[in-house]
Amino acid sequence: MDNHSIVASEPSIGTFSTPSVLERPRFDRTELAGAVADLGVLVPIAVALIIKNGLSPTAVLLPAGLLYVVAGLLYRLPVPVQPLKAFGAIAIAQGFGSSEIAAGSLLMGGIFIVLGASGLLDRVAGIFPKPIIRGVQLSVGLLFCQLAWNLTTAPPAAFTDHTQPAWWLVGGGVAVAVAALLLRRRNVSLVLVVLALIGMVLAYHGPLTLGPSVIHIPQLSTHAFTAAAIALVLPQLPLTFANSCLATADAARTYFGSAADRVRPGRLALTLGLANLVAGGIGGMPVCHGAGGMTAHRSFGARTGGAPIMLGSVLLVIAVGVGASLAAMLSGFPVPILAGLLAVAGLLHIALLKDLTEPFHWALAITVGIIGFFTNLAIALIAALLVWWGVKAVAILHAQR
């Protein structure tokens, strides 16, 4: 693999120390602060799938909690777990039921288990140079910022904050983002999430029912698989391939050096694939990894597998302990805190481009990021690969003359 491929580079984000060797999981306040920094992606999609699509709250959180714990134990780094974003957004917008969502999860699980177990994904990863990976990360960073903006300007009706004026939500989100950026070393994300949980509890006025919510085995059919394949899986595949596998592995190498040797694209495909089989089997939320989540966790203090283990354990306890009341409780989670943390993760993820040095690399990364954000990531990847390797071929032919 040449020096432009997915290789380790010096970290350029954050002021925390970066491990160069594999560390034991730590379970301290700093790890916990980093663990909760990516909730801005998880909570809105989870709430919408529960309230609008009728998924069981316990089934929604179980796959995410299990994958977080497995990721912490297997990778020993703050490898993130997120909902399948394009998949989730389409399912929510079109009102798909649990059967179609489950079918899509099973299809995603099967595809990525094959890609990971065959070794194909690790071999294919070698043809993607760093500028193209940085372009994917730019696209994801822009998506995070857009999600943060949309959360405050047009919050989902599932949240109690949707009745608040936009100027209040936007102002609150900006204040949270500024505070989070300035006070990253002071565990501010943990403080903000604790405040959010207090607000959520105060906003909840219904009876507290302990125990899990009912899990329904999905009713699968040919129609469910066909609808899921066309509407949910096809739009999600390029994003999961590029962001959850390639870009997450690259971000891990960038931040953690040799300690990230376990975080390989093929292995990431296997873990997210297995988690989606679980999600599909119980009618839960489809999940993945994500380079933006890696940035969020690390930027707010996470350095070991302790962060995902702690967050995953909390999600499992919530799913089993108060799943029956979770739908109503989550709707009270303050939107400005979700949006602020999400915006910070997006901005810091965009900052990964700082290690590009050549104008051509910058131009390629920005082009991939913009096209991927505004139109289609698959088109951006294919076009960028043709340009990159076309230029390389011309250079080789010119050198041979």
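The values are calculated or read from the model by the stated rules, or taken from the named source; none is laboratory data. Remember, predicted model here, so these are calculated numbers, not experimental data. Note that each Cβ is placed from the backbone with ideal geometry, even for glycine, and that neighbours are counted across all protein chains shown.
Looking only at residues of the stretch 373-401 that are without any contact (Cβ under 8 Å) to a residue 12 or more places away in the chain and not in a helix (DSSP H, G or I), we find that the one that is nearest to the chain's Cα centre (by Cα) is THR375. Of everything in the stretch 272-282 that is among the small types (Gly, Ala, Ser) and surrounded by fewer than 24 Cβ atoms within 10 Å (Cβ to Cβ), the residue that is farthest from HIS349 (Cα to Cα) is GLY281. Note on the stretch 300-331: residues that are of a type in the set (Gly, Ala, Ser), under 28 Å from LEU74 (Cα atoms) and assigned to a helix (DSSP H, G or I) total 7. For the structure I just gave you, tell me whether GLY173 is among the small types (Gly, Ala, Ser), part of a helix (DSSP H, G or I), modelled with pLDDT of 90 or more and over 23 Å from THR248 (Cα atoms). Criteria met by GLY173.
When the residues of the stretch 269-289 are filtered to those that are part of a loop (DSSP other than H, G, I, E, B) and closer than 20 Å to GLY97 by Cα, the one that is nearest to the chain's Cα centre (by Cα) is PRO286. Do we find that SER118 is among the polar types (S, T, N, Q) and farther than 27 Å from ILE217 by Cα in this structure? When the stated conditions are applied, SER118 passes them.
Within the stretch 352-360, one or more residues are within 19 Å of ASN243 (Cα to Cα), in contact with a Phe, Trp or Tyr (Cβ under 7 Å, 6 or more places away or on another chain) and not in a helix (DSSP H, G or I). Scanning the stretch 121-135 turns up one or more residues that are in contact (Cβ under 8 Å) with a residue 12 or more places away in the chain, surrounded by fewer than 14 Cβ atoms within 10 Å (Cβ to Cβ) and not β-branched (Val, Ile, Thr).
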